[in-house]
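**Q** Mind looking over this structure? Questions follow.
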Amino acid sequence: MVSRVLSLVDESSHRVVLAVAAGLLGLVTVLDYWSGAELTSAVFYLVPVALAGWRFDVRTSGPFALCATLLWVSVTMMLGVQHASLWMAVWDGVSRFIVYFSFAVLLGHVRSSLERLREMALTDHLTGVANSRFFHELAARELEHCRRHQRPFTLAYIDIDDFKGINDEFGHSGGDMVIRTVATALARNIRKVDHVARQGGDEFMLFLHEVEPEVAQGVLEQIHSRVSDALQQSGFDVSLSTGGVTWRTPPDTLDAAIHSADQVMYRVKGMEKGTVLHAVAGEERTDSDQSLDRTVASGAATASS
């Protein structure tokens, strides 16, 4: 129950969360006043403070905790609660603020820690892009969207050619630098709706959302060219082999689509390394392209079975 509420808070906009927290704070204040001096409601002020602390940083949650404290003090004064001295009244208010503020800050740190852990679990530690597991989650969700709306998508496999030779020439640190350069260049040259991931070793995957088959080849060539330029500018004479498949109608499974792109990429490896090869699944085109489509379809069938 609590996890669902926190997930809802995370998905809501800042304005909505702030409005809800302010509304709850007002409601708690009114209930505190109606309950009278004999029943204390100070603990219930922690609920809106918790919302503010979870969703906002200390610049917002701190003043919110102070506001909660001032409202509690105001209700106490209106109810005529007496303290032995002014010093005791001030101490009571300050101690409340410390509790509310500390609670808000603590929740903020918990949320930040959870986000860091989630990011570590879902991103590749070397490059910072999505790892294979996270990519499968993202791509599966996007594939379902394309299936529901009958939209095309493109999956591409990108492989760094002769990576063992790169490690031999530049050392493992140089190989890591090549991988990071490729990942950074890929992330910079795709749209926000697209996804890039390190599939493992020297291989990367792209999911291009709703790219029409007629333009997918050009898009892949442009990305390929810009990544190659980034490698050259970094002092690495390294080539890439890119194989992509555009699906007009999504296949039954994501694994089928991934396997098809993998098949095309390995065909690039066997034909001419350092180039881009693109196929459109199921299209009637030239004899050469039809042969390629049969390879793609065969790979999809193998992955589906």
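Just so you know, all these numbers are worked out from the coordinates, no wet-lab data involved. The model shown is predicted, which means the values in this text are computed figures rather than measured ones. Don't worry about glycine lacking a Cβ; one is built from the backbone with ideal geometry, like all the others, and counts go over all protein chains shown.
**Q** I need the peptides 112-118, 29-35 ranked by packing, meaning the mean over residues of other C-beta atoms within 10 angstrom, with the highest value on top.
**A** The densest-packed peptide leads the list: 29-35, 112-118.
**Q** Let me ask something else about it. Of the DSSP beta bridges with both residues in the chain, give the percent that are antiparallel, rounding to the nearest 5.
**A** Taking every DSSP beta bridge with both residues in the chain, the antiparallel ones total about 75 percent.
**Q** When only C-alpha pairs under 8 Å and at least 6 residues apart count, what is the relative contact order of the chain, in percent?
**A** 14
**Q** Let me ask something else about it. Asp255 to Asp229: FRET efficiency via 1/(1 + (r/R0)^6), r the Cβ-Cβ distance, R0 30 Å, to the nearest 0.05?
**A** The pair Asp255/Asp229 has a calculated efficiency of 0.35.
**Q** Could you tell me how many degrees, from 0 to 90 and to the nearest 10, lie between the Cα long axis of helix 2-11 and the main elongation axis, the longest principal axis, of the Cα atoms of the chain?
**A** For 2-11 against the chain, the angle is about 70 degrees.
**Q** Working from the pairwise distances between different alpha carbons, so that the mean of 1/r is found and then inverted, what is segment 2-122's Kirkwood radius in Å?
**A** 15.3
**Q** Could you calculate the FRET efficiency of Ser132 with Leu31 from 1/(1 + (r/R0)^6), where r is the beta carbon distance between them and R0 is 35 Å, rounded to 0.05?
**A** Taking R0 as 35 Å, the efficiency between Ser132 and Leu31 is 0.10.
**Q** Rounded to the nearest 500, what is the chain's calculated 222 nm mean residue ellipticity when only DSSP H runs of at least 4 contribute -39500 (n - 2.57) each, over all residues?
**A** Estimated from H runs of four or more residues: -22500 deg cm²/dmol.
**Q** For segment 103-177 and segment 5-53, what is the centre-to-centre distance using only Cα atoms, to the nearest Å?
**A** Distance between centres, Cα-based: 37 Å.
**Q** Using the Karplus curve 6.51 cos²θ - 1.76 cosθ + 1.60 with θ = phi - 60°, what ³J(HN,Hα) values do you get for each residue of segment 232-244, in whole Hz, with x for Gly and Pro?
**A** Each residue's phi maps through the Karplus curve to give 4, 5, 8, x, 10, 8, 10, 10, 10, 10, 10, x, x Hz.
**Q** Between Gln82 and Gln222, what is the label-to-label distance in nm when each label sits 7 Å out along the Cα-to-Cβ direction?
**A** 7.9
**Q** On to the next question. Kindly list the residues of segment 44-77 that lie in the label zone of Asp92, defined by a backbone N under 15 Å from the point 7 Å along the Cα-to-C-beta vector.
**A** Answer for this model: 69-77.
**Q** Further question: Can you give me the distance in nm between label points at Gln150 and Ser113, each placed 7 Å from the Cα along the Cα-to-Cβ direction?
**A** Computed distance between label sites Gln150 and Ser113 equals 5.1 nm.
**Q** Tell me, what is the FRET efficiency for Ser173 and Arg59 to the nearest 0.05, using R0 = 41 angstrom and their Cβ-Cβ distance as r?
**A** Calculated value: 0.55.
**Q** Please give the helix 86-122 orientation as an angle from the longest Cα principal axis of the chain, in degrees from 0 to 90, rounded to the nearest 10.
**A** With rounding to tens, the tilt is 10 degrees.
**Q** If you don't mind, there's one more thing I want to ask. Pick out, from Leu27, Gly80, Leu51, the residue whose Cα sits farthest towards the positive end of the charge dipole of segment 2-122, with +1 on the Cβ of Lys and Arg and -1 on the Cβ of Asp and Glu.
**A** Positive-end residue among those listed: Leu51.
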